[in-house]
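The next block holds one structure in the form of structure tokens; read it before the comments.
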Amino acid sequence: MPTTHLLYLHGFRSSPHSAKAQKVAARVQAQHPGVTWWCPQLPPSPREAMALLMHCIAAWPHESMAVVGSSLGGFYATFVAEQTHCKAVLLNPAIAPARDLQKYVGEQTAWHDPADHFFFKPEFVDELRALECGPVADPRNYFAVIAKGDEVLDWREMTARYPGARIRLLEGSDHALSDFDAQIDEVFEFLQLA
């Protein structure tokens, strides 16, 4: 079924202004103007972020909605997809953010606006742990774009997290998927918006 409602979730210290979010938004607007699009600025608290998301998508049709998530947004997207049984596209998804983000407790700056500061509190690590899911219920609902050249996350760990899912494993690239233009067609094809 074609996607009618699309949620995009940015990564840690990122925003709706990320290059990938902007490219997906522009394509939806230009080629699929009837699709409901939402790319919120997520609060630093994982609990608050998930409460916001689940509240705002509560009325969305689960059978025709989808979520795209990058890095930490990929971790959140997995949680959303497991709760709603919708399709999910994961772009270099974070696998164990409770482990990986412990070292970032303290004041942080936003990637796209260094003047924008936020505080990553110690309790946010526990909030991330509370959102961890077991094995995905239906691997067919997932498409992961994973870069072996990711300098932040281990591609082997990302790949192992989604057995049976559709995976595009890139030989090089980077954490930001700077070559996302070469992947976007396959993303939209998976969402049945090609």
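The values are calculated or read from the model by the stated rules, or taken from the named source; none is laboratory data. All values derive from a computational prediction rather than experimental measurement. Backbone-built Cβ (ideal geometry, glycine too); neighbour counts: all protein chains shown. All accessible areas refer to the heavy atoms of the entire protein, side chains included, with ligands and DNA or RNA removed. Shrake-Rupley method; radii C 1.70, N 1.55, O 1.52, S 1.80 Å.
Worth pointing out:
- Annotation note: Cβ proximity below 6 Å between a residue of the stretch 85-114 that is over 13 Å from Arg13 (Cα atoms) and of a type in the set (A, V, I, L, M) and a residue that is part of a strand (DSSP E or B) and open to solvent by less than 80 Å² (accessible area, probe 1.4 Å) (sequence gap 6+ or interchain) occurs for Ala88/Val67; Ala88/Tyr142; Val89/Val68; Val89/Phe143; Leu90/Gly69; Leu90/Ala144; Leu91/Ser70; Leu91/Val145.
- Qualifying residue in the stretch 172-183 (condition: within 20 Å of Ala81 (Cβ to Cβ) and touching an Asp or Glu at 6+ places or on another chain (Cβ under 9 Å)): yes
- Candidate set from the stretch 19-47 (those that are without any contact (Cβ under 8 Å) to a residue 12 or more places away in the chain and outside any loop (DSSP other than H, G, I, E, B)); member that is surrounded by the most Cβ atoms within 10 Å (Cβ to Cβ): Gln22
- For the stretch 129-141, the criterion of being hydrophobic (A, V, I, L, M, F, W, C) and within 16 Å of Pro43 (Cα to Cα) is met by at least one residue.
- Selection from the stretch 71-95 of residues that are open to solvent by 10 Å² or more (accessible area, probe 1.4 Å) and farther than 15 Å from Glu157 by Cβ: Phe79, Glu82, Gln83, His85, Lys87
- Ala194 surrounded by fewer than 13 Cβ atoms within 10 Å (Cβ to Cβ) and farther than 26 Å from Val35 by Cα: no
- Extreme residue, farthest from the chain's Cα centre (by Cα), among residues of the stretch 160-188 that are open to solvent by 20 Å² or more (accessible area, probe 1.4 Å), modelled with pLDDT of 95 or more and within 21 Å of Leu101 (Cβ to Cβ): Ala160
- Search result, residues across the stretch 48-62 that are assigned to a helix (DSSP H, G or I), without any contact (Cβ under 8 Å) to a residue 60 or more places away in the chain and among the aliphatic types (A, V, I, L, M): Ala49, Ala51, Leu52, Leu53, Met54
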